[in-house]
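The values are calculated or read from the model by the stated rules, or taken from the named source; none is laboratory data. Treat the numbers as computed from the prediction; the structure is a model and nothing was measured. Note: ideal-geometry Cβ built from the backbone for every residue, glycine included; neighbour counts use all protein chains shown. To get the accessible areas, we keep the full protein, side chains included, count just its heavy atoms, and leave off ligands, DNA and RNA. Shrake-Rupley method; radii C 1.70, N 1.55, O 1.52, S 1.80 Å.
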Amino acid sequence: MKLSLDDPTKCIDNLRMSRDAFLNLHDRLLPYGLKSTKDCGSMEALGLYIWICAHRAGVRECRDRFERSLDTISRKTSKLAEIMFRWAQTVLVPADRHYTQVSSELAEYAPWFDGCIGAIDGTHIPVEVNQEAKADFINRDGEVSINVCAIVDMHGRFTYVGAGKAGACHDMAVLQDCQADQRFPHPPPGLCIFFKLMMQQ
């Protein structure tokens, strides 16, 4: 990790982010449970987690790269995934939960987007699953995936991500499940989210 962080080019190649971005993320995750243990420092734990995500690598590849046991890598990646999830709950939220203002950038598109506070759409993310569950995750294109619903505000910032539904699930089923989630940003009366995925059907 030290070699990667000391070399800007290696840092980008290995972690897909700059040294400053990595250190900033590290500091942000400390209050959410990121800490050093006798087996592995917090910087290394975050580094191996990001390396796995950045390179779509498995724990065995990570073992060779970081020279850690499979058990350590498995435990650290699981712990970091939990930490990232907890942190995401504080980041993937509307900047203004009451939507007191509607973006003035939409004024030129009046009246079509009057009262619009964001956009929603779905996408399929490729995943690997157990053979027994594979049939449930095959989407209409024949690929194994999860069906993800995401909402962005008028500045392109994510305010909600609903992930985990099998790729075989219909977009409407995913949307209905997400709307039942307490974190789903329901707009106040008179305002709306542009339902892009519904318009595509």
- Note on the structure: Residue set ARG157, ARG140; condition within 25 Å of ARG97 (Cα to Cα) and surrounded by fewer than 19 Cβ atoms within 10 Å (Cβ to Cβ); output residue ARG157
- Pairs where the first residue, in region 102-122, is of a type in the set (Ser, Thr, Tyr) and the second is open to solvent by 30 Å² or more (accessible area, probe 1.4 Å), C-beta under 8 Å, 6+ apart: SER103/MET154; SER103/HIS155
- Item | Unique residue being over 30 Å from GLY58 (Cβ atoms), in a helix (DSSP H, G or I) and more than 22 Å from the chain's Cα centre (by Cα) when the list is ALA133, ALA107 | ALA107
- Query: Quick one: would you say ARG63 is buried (at least 16 other Cβ atoms within 10 Å of the Cβ) and touching a helix residue (DSSP H, G or I) at 6+ places or on another chain (Cβ under 7 Å)?
  - Reply: yes
- Message: Tell me yes or no: at least one residue of region 79-92 is more than 30 Å from PRO187 (Cα to Cα) and either touching a strand residue (DSSP E or B) at 6+ places or on another chain (Cβ under 7 Å) or surrounded by 12 or more Cβ atoms within 10 Å (Cβ to Cβ) (or both).
- Response: yes
- Task: May I ask you to list pairs of residues, at least six apart or on different chains, whose Cβ atoms are under 8 Å apart, with the first in region 43-60 being touching a residue at least 24 places away in the same chain (Cβ under 8 Å) and the second being among the β-branched types (Val, Ile, Thr) and open to solvent by less than 30 Å² (accessible area, probe 1.4 Å)?
- Result: LEU48/ILE73; LEU48/THR77; TYR49/THR77; ILE52/THR77
- Item | All positions within region 154-163 that are of a type outside the set (Val, Ile, Thr), touching a residue at least 60 places away in the same chain (Cβ under 8 Å) and part of a strand (DSSP E or B) | PHE158, TYR160
- Message: Checking the conditions here, which among ILE151, ILE125 is touching a Ser or Thr at 6+ places or on another chain (Cβ under 8 Å), open to solvent by less than 30 Å² (accessible area, probe 1.4 Å) and either in a strand (DSSP E or B) or not aliphatic (A, V, I, L, M) (or both)?
- Response: ILE151
- Message: Is it the case, given these coordinates, that PRO187 is farther than 30 Å from ALA57 by Cα and either among the β-branched types (Val, Ile, Thr) or surrounded by fewer than 17 Cβ atoms within 10 Å (Cβ to Cβ) (or both)?
- Response: yes
- Check ALA180, ALA95 and return the single one that is under 30 Å from TYR32 (Cβ atoms), aliphatic (A, V, I, L, M), open to solvent by 70 Å² or more (accessible area, probe 1.4 Å) and modelled with pLDDT under 90. ALA95
- Note on the structure: Output for Cβ contacts, cut-off 6 Å, separation at least six or different chains, first residue in contact (Cβ under 8 Å) with a residue 60 or more places away in the chain and over 19 Å from ILE146 (Cα atoms) in region 172-185, second of a type outside the set (Ser, Thr, Tyr) and open to solvent by less than 40 Å² (accessible area, probe 1.4 Å), reads PRO185/PRO94
- Message: Can you tell me which condition GLY115 does not meet? The list is (1) out of contact with any Leu (no Cβ under 8 Å at 6 or more places or on another chain); (2) over 23 Å from HIS26 (Cβ atoms), and all the others hold.
- Response: (1)
